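Just below is one structure, and these are the notes that go with it.
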Amino acid sequence: MDAKIHMVATASEVFSFLKKNPNSIHEEVFQYISEYINQQKIRDEKTKIAMIGSAGKAFEMAHKNPTIPEKILLKDFMQEIPGILDKIEE
């Protein structure tokens, strides 16, 4: 599966988690995402790093825009994917 698809799925997981747990702190979200990544049985380290990067960006976006619906956040997140991948390449 393409890394970009995993990144979108991870961001969606973050948005869903925060919707159900709006007062969650950073550590709780990343513990949840770590478990999610393990469940997906991703072997490619670069994909795992991309998923973690996408979780961080999704968390940031959700906290900056708490009233924006999940669909719009996900759409906006998709525009951020190239930048996340560029940072990973560095």
Condition (residue is at pLDDT 90 or above, surrounded by fewer than 14 Cβ atoms within 10 Å (Cβ to Cβ), under 15 Å from the mean Cα position of the chain (by Cα) and within 13 Å of Ala3 (Cα to Cα)) applied to the range 79-90: is it met by at least one residue? yes
Among Phe17, Phe59, Phe30, Phe77, which is the only one that is touching a Lys or Arg at 6+ places or on another chain (Cβ under 7 Å) and in a helix (DSSP H, G or I)? Phe77
Looking for whichever is in contact (Cβ under 8 Å) with a residue 40 or more places away in the chain and surrounded by fewer than 12 Cβ atoms within 10 Å (Cβ to Cβ) here; the options are Pro69, Pro22. Which one fits? Pro22
Out of all the residues in the range 62-74, which are among the hydrophobic types (A, V, I, L, M, F, W, C) and in a helix (DSSP H, G or I)? Ala62, Ile72, Leu73, Leu74
Give the range 33-51 a look and list any residue that's among the hydrophobic types (A, V, I, L, M, F, W, C), part of a helix (DSSP H, G or I) and in contact (Cβ under 8 Å) with a residue 24 or more places away in the chain, or say none. Ile37, Ile49, Ala50, Met51
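The values are calculated or read from the model by the stated rules, or taken from the named source; none is laboratory data. Here the structure is a predicted model, which is why all the values come from computation and not from measurement. Backbone-built Cβ (ideal geometry, glycine too); neighbour counts: all protein chains shown.
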